[in-house]
Amino acid sequence: MKKLKIAIQKSGRLNEKSVQLLKNCGLSFENYKSSLITAVSNFPLEILFLRDDDIPEYVQDGIADLGIVGENVIAETEANVHYLQRLGFGKCSLKIAVPNHSDAKTLADLNGKAIATSYPTILKKYLDANGISADIRVISGSVEISPALELSQAIFDIVSTGGTLRSNGLKPFADVMSSEAVLISKNGIDGNPVVRELIQRIQSVLRAAETKYVVLNVERNNLDDIVSLLPGVKSPTIVPLAEENWVAVHTVISERDFWEKINKLKSVGAQGIVVMPVEKIIL
C-alpha cells in the first residue's frame, strides 16, 4: 500500500502535542527531532516536519496528503485545504491589543493608527470588514514590544493566557478569531482507507482524553438513582459483589462534568469510587 504523508510542526507550540497524538494512535516512529521526514513502521504513513507556515500550502499542493496545523495559519496563508478533524489542543485567540494607557474605545478609534502584527492577512480582512483603515506594520516576532518602541499604537497577535500582554503593559481590545489545531487534507483524499483509519484512531484518542473510567460500589436499593446519573457509552455495567445486596457499577464520565457527577453519586449512596484514565474509546 502506498504510504501517505502527513506534515506536522517541526518545532513550536504544536509540535509536542502533535507527536504525542500520533503516538497515542499507535503509530511507531523514531528520530523525529533530527529528521525532516521519518517513516511510521507499523502504518502506511510518513511524517514530514516543517515550519507551521509551510504546512497548509504543502497540503494544498499535494506534497503532503495530510497536515496538523493551527486554524490561524490556514487563515493567514489562505490555503485551499479540507478540514477533517478538530484536535482540541493548541487553542488560542487572535486579538487586537492596545497599551493600558490608550484612550481607544471603539474600532473606529483605530482609523489611521499603526498596528503591528505577524498576521497581516487576517488583520486586513477584519479591518476591511469593519470599515477601518489602519497602517498594518508586519513584524516577525516580538510584536508585543512595538508600542513601547513607538512603532505602533496597537498590536494584533496570538493570545493564549494573556500573560505576555500584561507583562508588556497591554490590554485586549478586540477579539478577531479563535484557533485550535486541526487535521487537514488536500481536497478529495478523505475517502482514502488509510485516512479513514487514521481519523478513527484520532477520534478514539480524543474521546478517551475527555473521559474518565469510574468504578463504584452501591447498595441495590440505591442502584436506580445511580444509573440515572450515569449514561455511560451505552449504559453502565453492573457486577454483583460478594456482600449481599451490593453491586459494583462500571461506567465512563465526561471530564467536563466529572466533579458534578461524582458529588451527585456520593449523595445517592455511591461508595469506594475508583477513577481511572481511559486510553482509547472506539465506537
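The values are calculated or read from the model by the stated rules, or taken from the named source; none is laboratory data. Just so you know, these numbers come straight off a predicted model, no measurement behind them. Counting neighbours? That spans all protein chains shown, and the Cβs are built from the backbone with ideal geometry, glycine included.
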Tabulated pairs, region 199-212, first modelled with pLDDT under 90, second of a type in the set (Gly, Ala, Ser), C-beta under 9 angstrom, 6+ apart or interchain: Ala209/Gly88; Glu210/Gly88; Glu210/Ser254; Thr211/Ser254; Lys212/Ser254
- request: Just name the residue that is surrounded by the most Cβ atoms within 10 Å (Cβ to Cβ) out of those in region 63-85 that are out of contact with any Ser or Thr (no Cβ under 8 Å at 6 or more places or on another chain) and small (Gly, Ala, Ser).
  value: Ala64
message: Every residue in region 54-89 that is within 19 Å of Asn15 (Cα to Cα) and assigned to a loop (DSSP other than H, G, I, E, B), please.
response: Ala64, Asp65, Leu87, Gly88, Phe89
statement: Going through region 227-253 in order, the residues found to be touching a helix residue (DSSP H, G or I) at 6+ places or on another chain (Cβ under 8 Å) and either of a type in the set (Asp, Glu) or part of a strand (DSSP E or B) (or both) are Ile238, Trp246, Val247, Val249, Ile253
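Yes/no per residue for (1) of a type in the set (A, V, I, L, M); (2) in contact with a helix residue (DSSP H, G or I) (Cβ under 7 Å, 6 or more places away or on another chain):
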{"residue": "Asp52", "(1), (2)": "no, yes"}
{"residue": "Ala75", "(1), (2)": "yes, yes"}
{"residue": "Ala79", "(1), (2)": "yes, yes"}
{"residue": "Arg86", "(1), (2)": "no, no"}
message: What's the total number of residues in region 145-182 that are within 16 Å of Ile122 (Cβ to Cβ) and of a type in the set (D, E, K, R)?
response: 3
task: Count, please, the residues in region 11-44 that happen to be under 17 Å from the mean Cα position of the chain (by Cα) and touching a residue at least 40 places away in the same chain (Cβ under 8 Å).
output: 8
message: For region 1-39, give me each residue that is touching an Asp or Glu at 6+ places or on another chain (Cβ under 7 Å) and not in a strand (DSSP E or B).
response: Lys3, Gly12, Leu14
task: Would you please name the residue that is nearest to the chain's Cα centre (by Cα), looking only at residues in region 186-221 that are surrounded by fewer than 16 Cβ atoms within 10 Å (Cβ to Cβ) and in a helix (DSSP H, G or I)?
output: Gln200
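Looking only at region 121-147, which residues are touching a residue at least 24 places away in the same chain (Cβ under 8 Å) and among the small types (Gly, Ala, Ser)?
Let us first name the residues in region 121-147 that are touching a residue at least 24 places away in the same chain (Cβ under 8 Å), namely 121-123, 126, 132, 134, 143-144, 146-147.
Within region 121-147, Ala134, Ser146 qualify.
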query: Going by the structure shown, is Ser118 of a type outside the set (A, V, I, L, M) and either closer than 30 Å to Glu150 by Cβ or in contact (Cβ under 8 Å) with a residue 40 or more places away in the chain (or both)?
result: yes
task: All but one of (1) under 25 Å from the mean Cα position of the chain (by Cα); (2) part of a helix (DSSP H, G or I) hold for Lys266, so report the exception by its number.
output: (1)
